[in-house]
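So the structure is just underneath, and the comments pick up after that.
The values are calculated or read from the model by the stated rules, or taken from the named source; none is laboratory data. Everything numeric here is computed off the predicted structure, so don't read it as measured data. As a convention, Cβ positions derive from the backbone with ideal geometry for all residues, glycine included, and neighbour counts pool all protein chains shown.
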Amino acid sequence: MKTEKMMWEGFGFPIILDGVSWVTALFVFLCCFLFPYAYANVEKDLQDFYKLTEQYPANIPWAVTLKKKVLDQKNKNVDVSKGSMISDDQKPLHVVFGCLMHGDEVGCLNPLVKIIQQIANPAGDVPSPLERFSFTFFLGNPEAAKAHQRFVQEDLNRVFDPKRLADSVCGKVVTSESKRAEQIRHLLTDPDTDLFIDLHQTIEPSAQPFYIFRWDPQSVLWARALQGAKVLVTRNAEESFSPGNLSAAELFQDLGKPALTLEMGQKGESKEAADIVKKIFSRLTHLSTVDTNVWKTRDLKSLQTFKRVYSQSFEDPSFQLKPGFQNFSSVRKGQIVGSSSKGSLHSPYDGVLLFPKYPPRDSKGQAQGPLPSQLFQILQEGMP
Ligand SMILES: [Zn+2]
């Protein structure tokens, strides 16, 4: 085996490891020191969320719905015999927040628990957002979250294709994720829902948070209004994020409704993610109007837009990226970015790299476990 001699003289003694040992050492470091920190409060937050689902149940498990009439009845602040203050022609905007669609992307969990608790227990004379909104907050894959894993049997956010869901209902394909996807489909296809915000995090660090969804004018307007990120990675309506699969946001957009997928930095509990969740919720509830037809686009922050120009499929376990790539790392056309058993992998374009994958590897450098469909993507600035 080729050995890369590396020495840390700054520590006063040399540490010499070969390439594979470095990967192992890094893995151990991440597991022993960073991993517990990134998931320290998940169990408590899941328990708190579960309690809220018992107090304010939605029409599917692991989801909370907050509506004015329900809350008035709970708090007994209002004589419910007089009905809701909201008439039918002023139907509140029903916003659905998704969190933990991938079980290890826990950054949304604690801030959403706090937001739900705040709405349910309003302080003093602060106007309740439930005068103009109703909310459903759901956890996509809490079972995977308990195990600090992306999924249990398959990627939940790739199984929303109607045919696939039909196969699940009739028992042809049954995984814990396909059952959960059917419940979430039930929630999202309710005619009462108006806007879907799906909160995610990336596997590797990211130079910045970013929206990622199919181009659609209404979704873009909402993304600009909420300012969860300054960047949008987008694609044509015909182009799937993952060919042959459908995400929850794509399912919602197929209904002609706006859906935003927001990537809030690297996975795990983080101040960055908490700040973003708080910001978009505050922006949402302080909008002067939710009628996007009267919004003046000049008043909205513009988005820097990127389109995907290349994706490198993860053809076999020998495919490997060079270490050190993050989301939005710059690459040049022709640059060697990795290798496989067939030789070097070159970037075919100038651009930035997205969704780099570094799965664990065995002693021969072969990727272990189920392979991701892609090793990386290349983006360029511009419209799809
Ligand atoms: Zn995700």
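Summary of computed values
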| quantity | calculated |
| --- | --- |
| Segment 216-266: number of residues that are buried (at least 24 other Cβ atoms within 10 Å of the Cβ), within 16 Å of the ligand (Cβ to nearest atom) and more than 14 Å from H200 (Cβ to Cβ) | 1 |
| Test: residue in segment 170-187 that is modelled with pLDDT under 95, of a type in the set (S, T, N, Q) and not in a loop (DSSP other than H, G, I, E, B) | yes |
| Wholly within segment 213-299, helices (runs of 4 or more DSSP H) carrying at least 3 residues that are hydrophobic (A, V, I, L, M, F, W, C) and within 30 Å of L165 (Cα to Cα) | 217-226, 248-254 |
| Scan of segment 157-169 for residues that are part of a helix (DSSP H, G or I) and within 16 Å of the ligand (Cβ to nearest atom), ordered by number | N157, R158 |
| Residue that is nearest to A249 (Cα to Cα), among those in segment 158-169 that are without any contact (Cβ under 8 Å) to a residue 24 or more places away in the chain and surrounded by 13 or more Cβ atoms within 10 Å (Cβ to Cβ) | L165 |
| Hey, G103 in a helix (DSSP H, G or I), at pLDDT 95 or above, touching a helix residue (DSSP H, G or I) at 6+ places or on another chain (Cβ under 6 Å) and within 16 Å of the ligand (Cβ to nearest atom) or not | no |
| I212 vs. criteria free of Cβ contacts under 8 Å to residues at least 60 places away in the same chain, closer than 22 Å to S313 by Cα, within 16 Å of the ligand (Cβ to nearest atom) and in contact with a Phe, Trp or Tyr (Cβ under 8 Å, 6 or more places away or on another chain) | yes |
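Let's see how each residue does on (1) crowded, with 16+ Cβ neighbours inside 10 Å; (2) part of a strand (DSSP E or B); (3) not β-branched (V, I, T):
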| site | (1), (2), (3) |
| --- | --- |
| E315 | no, no, yes |
| P323 | no, no, yes |
| L345 | yes, yes, yes |
| K357 | yes, no, yes |
| L371 | yes, no, yes |
| Q380 | no, yes, yes |
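Yes or no, residue by residue, for (1) away from the ligand (no atom under 16 Å from the Cβ); (2) free of Cβ contacts under 8 Å to residues at least 24 places away in the same chain; (3) surrounded by 18 or more Cβ atoms within 10 Å (Cβ to Cβ):
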{"residue": "V113", "(1), (2), (3)": "yes, no, yes"}
{"residue": "S134", "(1), (2), (3)": "yes, no, yes"}
{"residue": "F138", "(1), (2), (3)": "no, no, yes"}
{"residue": "G171", "(1), (2), (3)": "yes, yes, no"}
{"residue": "I197", "(1), (2), (3)": "no, no, yes"}
